[in-house]
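J.: Below: one structure in structure tokens.
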Amino acid sequence: MRLDHQTPARAPDGSAGDADYGRIGVDYTAYRRPEPQIAAAIRDALGPARKVLNVGAGAGSYEPTDVDLVAVEPSAQMRAQRPAGLVEAIDATAEELPFADGTFDGAMATFTVHQWRDLEAGLTEVRRVTRGSVAVLTCDPTLLRRFWLHEYAPEAIDTEARRYPPIERIAAALGGGQAFNVPIPLLCTDGFGEAYYGRPERLLDPGARRANSAWSFVPPEVHERFTEHLTRELADGTWDSKYGQLRNQQHFDGSLVLFVSA
């Protein structure tokens, strides 16, 4: 465990990143369920690892069930939503992992590194305690504007572009690796923003937006303008005239990336 790193400031429920999951994590699992195609990619990336660490584990999405898994999650709200049958998550942060060097032969971090207070410290810790592959599911900030949402709520996309670290930073902190684009299926069960590329009506649900942390950083008037704009253009056919082909497009090549460091 690092002793030279200052513990990140934490929200009342323990959230240690830039988003307060005590406030926005309500009903998270109703919208953010693991997508099998993405889960398979993560499992493949972990290879033969048998003892696996999940950092920023949240409610347990994408945790493989055929390994000895240890989960770390600072938010009490998210720990409480872990389904029965999953291991109980340890209350700790990425920047200060309470494990000895090389404890794990694989590690994973899904939709979390963009929220860490100190990316380099967190990834250095993950690398320290892991002797095998590290799989990081994240978004490439240079590709976020491929999503039609940028036309309707540029503030939300621009917020994400500022939060998600460049892939080069992840690579440097982990000592190298390779990034793989992950196609997003049309009926993706994990409701991150781009999962609704062909189902725009779903983003009119406030709960769906709340389950995407970027929306917690934009003011209420952006939510209101977005809802009015998208509702109007869905009703009069404008959205479909511009993007309707996405309703039948089986996969979307957006910003989703799986970075793997051996």
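What follows draws every value from the coordinates through simple rules; no lab data is involved. The model shown is predicted, which means the values in this text are computed figures rather than measured ones. In this analysis, Cβ positions are derived from the backbone assuming ideal geometry, glycine residues included, and neighbour counts consider all displayed protein chains.
J.: Using a Gaussian network model on the chain with a 10 Å cutoff between Cα atoms, which of Pro220, Pro34, Pro141 fluctuates the most?
T.: Pro220
J.: Further question: With n ≥ 4 as the cut-off for DSSP H runs, can you work out [θ] at 222 nm for the chain, using -39500 (n - 2.57) per run divided by the number of residues, rounded to the nearest 500?
T.: Mean residue ellipticity, 222 nm, calculated: -8500 deg cm²/dmol.
J.: Starting from the Cα of Asn181, step 7 Å along the direction of its Cβ; do the same at Ser241; then give the gap between the two resulting points in nm.
T.: My value for the distance between the label points is 2.9 nm.
J.: Between Asp101 and Glu224, what FRET efficiency follows from the Cβ-Cβ distance if R0 is 51 Å, with the result rounded to 0.05?
T.: For Asp101 and Glu224, the calculated efficiency is 0.50.
J.: Would you mind classifying the chain by shape? Square roots of the alpha carbon gyration tensor eigenvalues, ordered a ≥ b ≥ c; an a/c under 1.5 is rounded, otherwise it is prolate if a/b is larger than b/c and oblate if not.
T.: Prolate shape, in that a/c is at least 1.5 and a/b is the bigger ratio.
J.: Let me ask something else. Starting from the Cα of Glu88, step 7 Å along the direction of its Cβ; do the same at Arg146; then give the gap between the two resulting points in nm.
T.: In this crude spin-label approximation the distance works out to 4.2 nm.
J.: Next question, about the same structure. Taking +1 at the Cβ of each Lys and Arg and -1 at the Cβ of each Asp and Glu, which of Thr231, Ser213, Ser241 sits farthest along the dipole of the range 207-261 towards its positive end, judged by Cα position relative to the Cα centre?
T.: Checking the options against the dipole of the range 207-261, the answer is Ser213.
J.: Compute a Gaussian network model of the chain, connecting alpha carbons closer than 10 Å, and tell me which residue from Thr130, Thr189, Thr65 fluctuates the most.
T.: Of Thr130, Thr189, Thr65, the Gaussian network model singles out Thr65 as fluctuating most.
J.: With +1 on each Lys and Arg Cβ and -1 on each Asp and Glu Cβ, and nothing else charged, work out how big the dipole of the chain is about its Cα centre, in Debye to the nearest 20.
T.: So the dipole magnitude of the chain works out to roughly 280 debye.
J.: Just subtract the alpha-carbon distance of Ala30 and Arg199 from 0.36 nm times their residue separation and send over the number in nm, one decimal.
T.: 59.2 nm
J.: Under a point spin-label approximation (7 Å from Cα along Cα-to-Cβ), what is the Asp68-Lys51 distance to one decimal in nm?
T.: 0.5 nm
J.: Picking from Trp215, Trp148, Trp239, which is most flexible by a Gaussian network model of the chain using Cα springs under 10 Å?
T.: Among Trp215, Trp148, Trp239, the largest GNM mean-square fluctuation belongs to Trp239.
J.: Antiparallel DSSP bridges in the range 21-261: what percent, to the nearest 5?
T.: Here the share of antiparallel DSSP bridges comes out near 50 percent.
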